[in-house]
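**Student:** Handing you this structure, nothing more for now.
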Amino acid sequence: MTGLQDRLTPEQVEEFGRELDELRQRIVADLGQEDVDYIHKMIKTQRGLEVAGRGLMFAGFFPPAWLAGVGALSLAKILDNMEIGHNVMHGQYDWTRDPALSSQNFEWDTVAPSDNWRHSHNYIHHTYTNILDKDRDIGYGILRMDPEQKWHPYYLGNPVYASLLALLFQWGVMLHDLEVDRVLKGERKWSEFKEVRAKILRKAARQFGKDYVLFPLLTGPMAPLTLAGNASANLIRNLWAFSIIFCGHFPAEVESFTEAETEEENRGQWYLRQILGSANISGGKLFHILSGNLSHQIEHHLFPDIPARRYPQIAPEVRAICEKYGLPYHTGPLRKQLFSVARKIVKLALPGKEQPEPGPRTVVGDRQPAAA
């Protein structure tokens, strides 16, 4: 674990932060109707796909119709969760003053209540990104995803827990807010989560009733096939969301940090931590849309409240700034990032501290960047 203080001089950190602030300000000043039209187009597309998917289930006896229905519904759920829900709830469109695009009003098509998620994700994760014992997204309370996490025989099941989390990802995100691991350790009391539990039960009941009771019953004799189709669409969405999120946070080269080295962190150091603690996934335009543009996880961690459709636009500039200061810019295709994450999950199931993978590690404490 290379300390943040060893990366750049104080003067470099200040200039580095100023450049990223200027980039942010330029994009914010340029936000306008094109951004509004884009998100409305995504919402319209998502709704069309959901209507098509639900409608095709009425013809579920015909295998091509059932498969097409599952495909359309899967895409609808992916768009709702990734490109629409996640991004709207980050406040990326609050500037429009449109109640339908308000981060505080939006509710998504998943069992995790939006209120709970906004606290655990928007506040805790994005404030304490990759800080051990602060960012609860490191391992989600059930996995060992960093060599600095103390090993316990429980972690021998790391690959099994990860596989189950991938299959049931929406439920894992929902239960994440209960902080069960901290309750079991005596760090929190179960009674503290009364309101969180109530929201979970209400939202889970609505989602379960919609996908596994109401819509199957509406299709009459096709009910068993509709139930299976809805379950398949949820499974596909779960696997996709898990893959995108884990590939943006846990490839081998992504770094973690201690509370001590992030004390009294200034804006430039916060930006630095976001870059070192994130990874991008390369791909085409459709891939980026289906990932909610979280394939640009570096840019998202830098500017979580800027519309995600802008991330591909600013990515070359962010990368150029990283190169200017001798900082890594982690990126690679999905297969590469998935393999790296899977390898880490298996290695960290075993005792001992993981050895860093071979490759250059740039420490910029004894030189100035070319243009700084």
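**Student:** Using a cut-off of 15 Å between alpha-carbon atoms, which aspartates and glutamates can reach residue 203, once sequence neighbours fewer than 8 places away in the same chain are excluded?
**Tutor:** Within reach: 107, 109, 115, 177, 195, 211.
**Student:** If you don't mind, there's one more thing I want to ask. Could you state the angle between the C-alpha long axis of helix 158-167 and the longest principal axis of the C-alpha atoms of the chain, as a value from 0 to 90 degrees rounded to the nearest 10?
**Tutor:** Computed tilt is about 50 degrees.
**Student:** Accessible area of the chain with a 1.4 Å probe: how many percent of it is carbon plus sulfur?
**Tutor:** Carbon and sulfur: 61 percent of the exposed surface of the chain.
**Student:** Strictly greater than 20 Å: what percent of every Cα pair in the stretch 215-365 meets that? Walk me through the numbers on the way to the answer.
**Tutor:** Values: 6594 of 11325 pairs.
For the stretch 215-365, the fraction of Cα-Cα distances above 20 Å is 58 percent.
**Student:** Quick one: which of 150/199; 134/344; 44/210; 134/324; 194/347 span more than 27 angstrom between C-alpha atoms?
**Tutor:** 150/199; 134/324; 194/347, as the Cα separations exceed 27 Å there.
**Student:** Moving on. What share of Cα pairs, in percent, lie more than 16 angstrom apart in the stretch 260-338? Walk me through the intermediate numbers first.
**Tutor:** Details: 1557 of 3081 pairs.
In whole percent, the long-distance tail amounts to 51.
**Student:** Can you check what the Kirkwood hydrodynamic radius comes to for the stretch 53-108, Cα pairs only, in Å to one decimal?
**Tutor:** Working: mean 1/r = 0.0795 Å⁻¹.
By the Kirkwood definition, the hydrodynamic radius is 12.6 Å.
**Student:** Counting only heavy atoms of the protein chains, get the accessible area per residue of the chain (1.4 Å probe) and round it to a whole Å² value. Present the calculation step by step, with values, prior to reporting the outcome.
**Tutor:** Details: 17210 Å² over 372 residues.
Roughly 46 Å² per residue, with all protein chains present.
**Student:** Right, another one. Taking the highest mean first, how do the peptides 222-230, 335-343 order by number of other beta carbon atoms within 10 angstrom per residue? It would help to have the intermediate numbers written out before the result.
**Tutor:** Numbers: 222-230: 19.7, 335-343: 17.6.
Packing proxy ranking, top to bottom: 222-230, 335-343.
**Student:** Further question: Could you please tell me the mean projected area of the C-alpha convex hull for the stretch 1-150, averaged over all directions and given in square nanometres to one decimal?
**Tutor:** Working: hull surface 52.2 nm².
The orientation-averaged projected area of the Cα hull of the stretch 1-150 comes to 13.1 nm².
**Student:** If you average 1/r across every pair of different Cα atoms in the chain and take the reciprocal, what Kirkwood value do you get, in Å? Don't skip to the end; give the middle numbers.
**Tutor:** Working: mean 1/r = 0.0457 Å⁻¹.
By the Kirkwood definition, the hydrodynamic radius is 21.9 Å.
**Student:** In the stretch 179-226, if every C-alpha pair distance is counted and binned at 10 Å from zero, what percent goes to each bin?
**Tutor:** In whole percents, the pair-distance histogram is 25, 27, 21, 18, 9, 0.
**Student:** How long are the semi-axes of the equivalent ellipsoid of the stretch 148-297, defined as square roots of 5 times the Cα gyration tensor eigenvalues? Whole Å, largest first. Don't skip to the end; give the middle numbers.
**Tutor:** Details: eigenvalues 224, 110, 49 Å².
The equivalent ellipsoid of the stretch 148-297 has semi-axes of 33, 23, 16 Å.
**Student:** Next question. Report Rg(Cα)/(2.2 N^0.38 Å) for the stretch 226-265, keeping two decimals. Working shown, then result.
**Tutor:** Details: Rg = 17.5 Å, N = 40, 2.2 N^0.38 = 8.9 Å.
My calculation over the Cα atoms of the stretch 226-265 gives 1.96.
**Student:** Considering just Cα atoms, how many Å³ per residue does the convex hull of the stretch 208-251 enclose? Working shown, then result.
**Tutor:** Values: hull volume 2.4 nm³, N = 44.
Here the figure is 54 Å³ per residue.
**Student:** Can you tell me the dipole magnitude for the stretch 1-145 around its Cα centre, using point charges on the Cβ only (Lys, Arg +1; Asp, Glu -1), in Debye to the nearest 20? Kindly include the intermediate steps, with their values, before the conclusion.
**Tutor:** Working: 14 positive and 22 negative charges, 144 e Å.
Dipole about the Cα centre, nearest 20: 700 debye.
The values are calculated or read from the model by the stated rules, or taken from the named source; none is laboratory data. Predicted, not measured: the structure shown is a model, and the values here were computed from it. Positions of Cβ are generated from backbone atoms using ideal geometry, with glycine treated the same way; all protein chains shown enter the neighbour counts. Surface areas here come from the heavy atoms of the whole protein model, side chains and all, with no ligands, DNA or RNA. Shrake-Rupley method; radii C 1.70, N 1.55, O 1.52, S 1.80 Å.
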